[in-house]
Amino acid sequence: MLQSLKYFYNVVSNQHISVSDKKDVPALVDLVNKAYRNTDVKAGWTTEAKFFEGARANEESLKHLLNQPHSVILKYAKDNNIIGCVFLQKQEEKLYLGVLAVAPEFQDKGIGRELLFAAEEYAYKHKCNIITMTVISIRHELVEWYKRRGYYETGDVKPFPNDKVNRPNRSLELLVLEKIIDN
């Protein structure tokens, strides 16, 4: 299942992927907003701008994620530019995955798959046997993308959280997806 695992302290085997820190927050905010809320003609397929008003993230929201217990944001950097990221949080034997983002100009080049593989490596290292995530239910193409990578719908549905940053312009709900990781 998993290819050879080369572990370093909190780092995965991909040379482009490492753990981010607080100095990366401004670049991460820019990346997440470009990936999720870009209204440009060249917006990537992950944009959800038509469902929301405003930004997807700000410095406060990403610092909050970084300060959560047992949490990291892995960054994918190329030429010292952060072009991808994923939030991971260990929750007992599960690993929560969120905020998977790739800059629109680098989408469809395998970076999202590499970040998912890094999440699986991280789960394996931290003895998590399930990766869990939530996806907006009307994002059918995104749900299908995750399913092609081994995730399945659990049948659980959660209301979309009402927070200061994400302001949906319609009623939304979140599907819970999971993937079993062999430990």
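Only the coordinates and a few stated rules stand behind these numbers; no lab work does. Given the structure is predicted, the values throughout are model-derived calculations rather than measurements. Cβ sites come from the backbone with ideal geometry, for glycine too, and all protein chains shown count toward neighbours.
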*Under 21 Å Cα to Cα from residue 63, which lysines show up? Leave out anything in the same chain fewer than 8 places away.*
22, 23, 34, 75, 90, 164
*Which residues' amide hydrogens lie under 5 Å from the amide hydrogen of residue 181, considering only partners 5 or more residues apart or on another chain, with H built in the peptide plane?*
130, 131
*For the residue pair residue 53 and residue 70, what label-to-label distance in nm results when each label sits 7 Å from Cα along the Cα-to-beta-carbon direction?*
3.7 nm
_Show me, for segment 23-29, the HN-Hα J-couplings you get by feeding each phi into the Karplus relation (A = 6.51, B = -1.76, C = 1.60, θ = phi - 60°), rounded to Hz, glycine and proline as x._
5, 7, 4, x, 5, 5, 4
*asked:* Can you tell me, using C-alpha contacts under 8 Å and at least 6 residues apart, the relative contact order of segment 112-182 as a whole percent?
replied: 44 percent
*Is segment 81-183 rounded, prolate or oblate when judged by the Cα gyration tensor, a ≥ b ≥ c being the square roots of its eigenvalues, rounded requiring a/c under 1.5 and prolate requiring a/b larger than b/c?*
oblate
*Enumerate the calculated ³J(HN,Hα) couplings along segment 132-144 in order (Karplus 6.51 cos²θ - 1.76 cosθ + 1.60, θ = phi - 60°), each rounded to whole Hz, writing x wherever the residue is Gly or Pro.*
10, 8, 10, 9, 4, 4, 7, 8, 4, 5, 6, 4, 5
*Mind listing the phi-derived Karplus ³J(HN,Hα) values for segment 74-82, rounded to whole Hz, using 6.51, -1.76 and 1.60 with θ = phi - 60°, and x for any glycine or proline?*
7, 10, 10, 10, 9, 6, 6, 10, 7
*asked:* Give me, ordered by chain and number, the residues 5 or more places off residue 55 or on other chains with an amide H under 5 Å from its own placed amide H.
replied: none
*Counting Lys +1, Arg +1, Asp -1, Glu -1, what net charge surrounds residue 149 among other residues with beta carbon under 11 Å of its beta carbon?*
+2
*May I ask for the net charge around residue 137, where only other residues with Cβ less than 13 Å from the Cβ of residue 137 are counted and Lys, Arg are +1 while Asp, Glu are -1?*
-3
